Amino acid sequence: MASSALHCFFFFTLLVPFAFTTATRDPCATAAPDGSDDLSIIPINAKCSPFAPTHASASVIDTVLHMASSDSHRLTYLSSLVAGKPKPISVPIASGNQLHTGNYVVRAKLGTPPQLMFMVLDTSNDAVWVPCSGCSADSPSFNPNSSSTYSTVSCSTAQCTQAHGLTCPSSSPQPSICSFNQSYGGGSSFSGNLVQDTLTLSSDVVPNFSFGCVNSASGNSLPPQGLMGLGRGPMSLVSQTSSLYSGVFSYCLPSFRSFYFSGSLKLGLLGQPKSIRYTPLLRNPRRPSLYYVNLTGVSVGSVQVPVNQKFLTFDSSSGAGTIIDSGTVITRFAQPVYEAIRDEFRKQVNGSFSTLGAFDTCFTADNENVAPKITLHMTSLDLKLPVENTLIHSSAGTLACLSMAGIPQNANAVLNVIANLQQQNLRILFDVPNSRLGIAPEPCN
């Protein structure tokens, strides 16, 4: 294995279709500009993705609205993680439909020789799984028979006990394979095995990497992407590669206005920004994988809006507080918090407002120059959001909308989520061993 000082860079693009010109390098090429291996993170529906739709490209606003339409399901899923009694540290093996994620996919390689896989990146999940041969004929799948380093995991191993939803026979003369068989919405189900193989990230090699190998599905077809969880659980990429990357990773999401929509994910200590401010990462024992931060207030322009602290204060019993999440599109606040932000924003813009999809505060773009900036106050860190992280424009460019919303009624009304739309052009650094989150401005384009 490579030394712990090594790190990987992943170049990715946002979930927005875009066009190419003959005068520029094709972002879908198999080599990065510096000649290194291409381990891109790409938009799931963009040209470089094997899952891209065949229909014509949508506008930025239409794409965002389509993405945001799944936010309510995503928030319900996140809320389910923090509800109820404390649970043992375990990894749910689940489909992308059940997780309601899939904004970004990363190219990774599994097996010997390496097989290229596309896996959804998710900071709020611990699971790592891929579709295996026979699961999907229309998308990349992992073929265990083609790998000389592939092995199944026995029921007697610690990995099997750490993965939620896996089953073993109560009595068997021979060690049994750790397998799973789960159901998800609509009467569908899927099954597979917990396995191990070599994971290759650029020039770094991680032997005996554990992941779920999904080999059959019934009902609605299983989403073709695998899942690469970046949570803190024992089976996540972060935990399984801790000796290599020291539990540190960061990403930078580019602006929607960028032509190539490219940014980067960095794994490991090297290459991380030196000038960066930190806020503590809080840990919820009910769901230790979620990355909580201590949001203490929100300012609109120079006005800190009055909100009841009970809607911001971290509470592990109820799951209340604020998390940062890569799988939610629009930042969501408990309804009283959002209404205070929205009302102060409208007061300072001082115009007439309309609704567009998930956005309820849209106004004539001519008034954009008077739109105030929004600042998120966290312990030891004030994050003043750039204008492009606060406003989104209609396809005709005539309307500008406040790109935040309240928590849907069917989700946990006390869980605030800082989503990927508000993380653009910022370096977001997760230092898991030191329980801190770093944020610094960075032109990701």
key: SER318, sole failed condition from (1) out of contact with any Gly (no Cβ under 6 Å at 6 or more places or on another chain); (2) crowded, with 20+ Cβ neighbours inside 10 Å   = (2)
task = For segment 342-365, state whether one or more residues are in a strand (DSSP E or B), under 27 Å from SER239 (Cβ atoms), touching a Ser or Thr at 6+ places or on another chain (Cβ under 7 Å) and not hydroxyl-bearing (Ser, Thr, Tyr).
result = no
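If you go through segment 127-149, how many residues are under 14 Å from the mean Cα position of the chain (by Cα) and at pLDDT below 85?
Looking only at that region, the number is 1.
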inquiry  = Within segment 277-315, take every residue that is hydroxyl-bearing (Ser, Thr, Tyr) and out of contact with any Gly (no Cβ under 9 Å at 6 or more places or on another chain) and give me the one that is surrounded by the fewest Cβ atoms within 10 Å (Cβ to Cβ).
reply    = SER302
request  = For residues that are among the hydrophobic types (A, V, I, L, M, F, W, C), open to solvent by less than 10 Å² (accessible area, probe 1.4 Å) and modelled with pLDDT under 85, tally how many sit in segment 229-263.
outcome  = 2
message = Any residue that is modelled with pLDDT of 85 or more, under 19 Å from the mean Cα position of the chain (by Cα) and part of a strand (DSSP E or B) - is there at least one of those in segment 377-400?
response = no
task = Working only within segment 358-381, note down all residues that are in contact (Cβ under 8 Å) with a residue 40 or more places away in the chain, open to solvent by 60 Å² or more (accessible area, probe 1.4 Å) and of a type in the set (D, E, K, R).
result = LYS373
query = Do we find a residue being at pLDDT below 75 and polar (S, T, N, Q) anywhere in segment 187-203?
reply = yes
key: Yes/no for SER403 being at positive phi and either in contact with a Leu (Cβ under 8 Å, 6 or more places away or on another chain) or open to solvent by less than 50 Å² (accessible area, probe 1.4 Å) (or both)   = no
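The values are calculated or read from the model by the stated rules, or taken from the named source; none is laboratory data. Just so you know, these numbers come straight off a predicted model, no measurement behind them. For neighbour counting, all protein chains shown are included, and Cβ atoms are generated from backbone atoms with ideal geometry for every residue, glycine included. Ligands, DNA and RNA are stripped out before the accessible areas are found, and what is left, the full protein with its side chains, is counted by its heavy atoms. Shrake-Rupley method; radii C 1.70, N 1.55, O 1.52, S 1.80 Å.
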